[in-house]
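A quick write-up on the structure given underneath.
The values are calculated or read from the model by the stated rules, or taken from the named source; none is laboratory data. All figures in this text were calculated on a predicted structure; none of them were measured in a lab. So basically every Cβ, Gly included, is an ideal-geometry build from the backbone, and we count neighbours across all protein chains shown.
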Amino acid sequence: MAIQKISVEHFVTLSLSYPVIDVRSEAEFSHAHIPSANNLPLFNNDERAVVGTIYKQQSRELAIKKGLEYFGPKMKDMVVFAEDLIAKTDPSNKTLLIHCWRGGMRSAGIAWLLDLYGFKVYTLVGGYKAFRNWVLAQFLNEEKFRVLGGFTGSGKTIVLSALKEKGAAVVDLEGIAGHKGSAFGNIGLPKQPSQEMFENKLAVSIFQVKKEKPTEEIWLEDESQRIGSVNIPQPMWEHIRSCRVLFLDIPFPQRVNYLVDTYGKLNKFELGEAIKRIQKRLGGLETKIALAFLEQENIHDCFSILLKYYDKQYSKGLESRPSPKPEVINIQTGIVDDKINAALLLKL
């Protein structure tokens, strides 16, 4: 079989169906990678440093010889690694996608080995660097977004999930960010991805949805630019702020009850620390009262104070949209319910 070198878009399309092997070092992979990729480093962190130093200070030829010294003993394990990947996906199809940083010797070496063994191998022209350029270019596209708005506690995230179940095109910004928004959004969740990894996941998610549903508008949640420790890329965020908002208008008491059900069982200490983080904006007195209610395990009244604050912040965000102001369609609903509210939205 012949190794085929393919473009980023072709590579990303195939990555939705076939295993991807990233042969960069553990540190490079850990920082950020193509979503769904598996790390099979040709050189570990220390070996990469040694080879790079020889390349810069001595010669390319000596660096290659040193690289082969590391590569040789690993060959069998690399083949086994690839076989295991295929076994976990589709044993009947021996297709693999391989890339390194710039589409150079690291990916070429492992591609040669796996091609020799009998796999169908594709490599990425320009490597991960080309993928990153593609990612950033995706955020310049003015996609057709349907922005789901609503005050905190409206259940926007679960409504998006229900819309997806009904076949709508959906991109879950909070799911990709690994954060539920607000000061409480990281409680009980793993560490968020790096900014670069968030961008990679977001770009591929949008690309995948467009591939699957090319004629449909994409639903996403109305978010602040910052979601926990990551930011929606500036061009995309500015475009979102210019899009029409479908606003779920749900009464305050129902939203408080939903938040109590959703967040009320979280660790009390972590809830208290989250409240303290917004003290400057919430105000000293309100913070003190909210913390007192929390200490008394009066979660309802504690969250009522916080919700009033978040309602004000969201209203300010709507008002600060650029002119001409985007259309806001108010959808009256008296209940926080994913299926009922998804059905209401789809009727539009």
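Annotations for the structure displayed:
- Taking region 102-130 as the range and being of a type in the set (Gly, Ala, Ser) and either surrounded by fewer than 19 Cβ atoms within 10 Å (Cβ to Cβ) or in a helix (DSSP H, G or I) (or both) as the test, the residues that pass are Gly104, Ser107, Ala108, Gly109, Ala111, Gly118, Gly127, Ala130.
- Tally, over region 179-196, of residues that are at pLDDT 95 or above and either touching a Lys or Arg at 6+ places or on another chain (Cβ under 9 Å) or surrounded by 20 or more Cβ atoms within 10 Å (Cβ to Cβ) (or both): 2
- Cβ-Cβ under 8 Å pairs, at least 6 apart or on other chains, region 131-149 side part of a helix (DSSP H, G or I), far side buried (at least 20 other Cβ atoms within 10 Å of the Cβ) and among the aromatic types (Phe, Trp, Tyr): Phe131/Phe11
- In region 166-189, residue farthest from Lys268 (Cα to Cα) [restricted to those that are in contact (Cβ under 8 Å) with a residue 24 or more places away in the chain and of a type in the set (D, E, K, R)]: Lys166
- Where Val79 falls short, out of the listed (1) without any contact (Cβ under 8 Å) to a residue 40 or more places away in the chain; (2) among the β-branched types (Val, Ile, Thr); (3) outside the structural domain of Tyr18 (by TED's automatic domain parsing): (3)
- Considering the conditions (1) touching a helix residue (DSSP H, G or I) at 6+ places or on another chain (Cβ under 8 Å); (2) of a type outside the set (A, V, I, L, M); (3) in the same structural domain as Leu97 (by TED's automatic domain parsing), Asp115 is excluded by exactly one of them, (1).
- The test for being of a type outside the set (A, V, I, L, M, F, W, C), more than 18 Å from Ser36 (Cα to Cα) and in contact with a helix residue (DSSP H, G or I) (Cβ under 6 Å, 6 or more places away or on another chain) holds for Arg102.
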